[in-house]
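The values are calculated or read from the model by the stated rules, or taken from the named source; none is laboratory data. Note that the structure is predicted; figures quoted are calculated from it, not measured. Glycine gets a Cβ as well: all are built from the backbone with ideal geometry, and neighbour counts include every protein chain shown.
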């Protein structure tokens, strides 16, 4: 059995979890194993219709009167107990903060090996060959993962979201773990919504990013205008954040948001490795920069070599003319 930890928001699976299911389904096919899901939260059972198109045979819904919110150790212990009960050979999760944290706790309990941020996993039985991102994507590691139970996370935005060849009708089984106070010493008690308006960076289909080349906080108005016109949102490089021009929530990069828009318009950004890690999920990158040798220009799908203070307003005007 391949068991996928599916994150969701009010019964709607996260895109990163659907990406993970593409990887997990490939493993299940190679091993001729069933693909199942483990979910938490009151709305977990509602995922039945959502996960059927992705080949899930069974949904194991973890319920416990002390798991009202996220509790990393409690969730990890729950997954470990479920794995022991089911005899799952592999547990997969998305390469998110929560996916890594839950599987790490489960792995500690199970004494099982774990490989994170995988971009390719092949093999069957007790041995996998894995290829995974390390050091923020600056290098790729090839390794072998061996164990009776193996834990893997799928690197974000590396796997396409693909439905199975045929839709299943998964059964929903409730699972109540045996938890102690120690498993609940850390947990989320409340969630506070940020005051920021607009589309979150991680969900935007168009992102307009600005770096040190923007020149100052007042010049982001040009980027905001372009982003609004395209139905997108504005992000920034770490350099701009460090200057205090934008709030940290706008940062794109290794220590900021990981984005996956249809197009990322990078204005006045050099393209440091840490920044490129954050925008590597973009389908297309358009770089606007005065330096034709800038790293981001070399990696972009399209580039305009020029002053962003001239190019961005002209681009905005041109789009208005055709919309």
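Of note:
- Hey, residue 231 surrounded by fewer than 16 Cβ atoms within 10 Å (Cβ to Cβ), assigned by TED's automatic domain parsing to the domain that holds residue 306 and either assigned to a loop (DSSP other than H, G, I, E, B) or in contact with a strand residue (DSSP E or B) (Cβ under 7 Å, 6 or more places away or on another chain) (or both) or not: yes
- Matching option when the condition is crowded, with 21+ Cβ neighbours inside 10 Å, in contact with a helix residue (DSSP H, G or I) (Cβ under 7 Å, 6 or more places away or on another chain) and part of a helix (DSSP H, G or I), among 38, 83, 121: 83
- Any hit, segment 272-285, residues being assigned to a loop (DSSP other than H, G, I, E, B), touching a helix residue (DSSP H, G or I) at 6+ places or on another chain (Cβ under 9 Å) and on the phi < 0 side of the Ramachandran plot: yes
- Some residue of segment 283-292 being surrounded by 21 or more Cβ atoms within 10 Å (Cβ to Cβ), under 24 Å from the mean Cα position of the chain (by Cα) and assigned by TED's automatic domain parsing to the domain that holds residue 211: yes
- All conditions but one from (1) within 19 Å of residue 153 (Cβ to Cβ); (2) out of contact with any helix residue (DSSP H, G or I) (no Cβ under 7 Å at 6 or more places or on another chain) apply to residue 4; the one that does not is (2).
- Tallying residues that are in contact with a strand residue (DSSP E or B) (Cβ under 7 Å, 6 or more places away or on another chain) and assigned to a loop (DSSP other than H, G, I, E, B) within segment 181-210 yields 3.
- Scan of segment 295-309 for residues that are surrounded by 12 or more Cβ atoms within 10 Å (Cβ to Cβ), assigned to a helix (DSSP H, G or I) and out of contact with any helix residue (DSSP H, G or I) (no Cβ under 9 Å at 6 or more places or on another chain), ordered by number: 297
- In the set (1) on the phi > 0 side of the Ramachandran plot; (2) within 22 Å of the chain's Cα centre (by Cα), residue 119 fails one condition alone, (1).
- Within segment 109-139, the residues that satisfy the criterion of being modelled with pLDDT of 95 or more and out of contact with any strand residue (DSSP E or B) (no Cβ under 9 Å at 6 or more places or on another chain) are 109, 111.
- Any hit, segment 48-68, residues being in contact with a helix residue (DSSP H, G or I) (Cβ under 8 Å, 6 or more places away or on another chain) and without any contact (Cβ under 8 Å) to a residue 60 or more places away in the chain: no
- The number of residues in segment 9-30 that are surrounded by fewer than 16 Cβ atoms within 10 Å (Cβ to Cβ), in contact (Cβ under 8 Å) with a residue 24 or more places away in the chain and part of a helix (DSSP H, G or I) comes to 1.
- Residue in segment 61-77 that is assigned by TED's automatic domain parsing to the domain that holds residue 32, within 18 Å of residue 152 (Cα to Cα) and in a loop (DSSP other than H, G, I, E, B) present: no
- Residues located in segment 124-156, provided they are surrounded by fewer than 20 Cβ atoms within 10 Å (Cβ to Cβ), part of a strand (DSSP E or B) and either under 23 Å from the mean Cα position of the chain (by Cα) or in contact (Cβ under 8 Å) with a residue 40 or more places away in the chain (or both): 124, 129, 131, 134, 139, 140, 141, 142, 143
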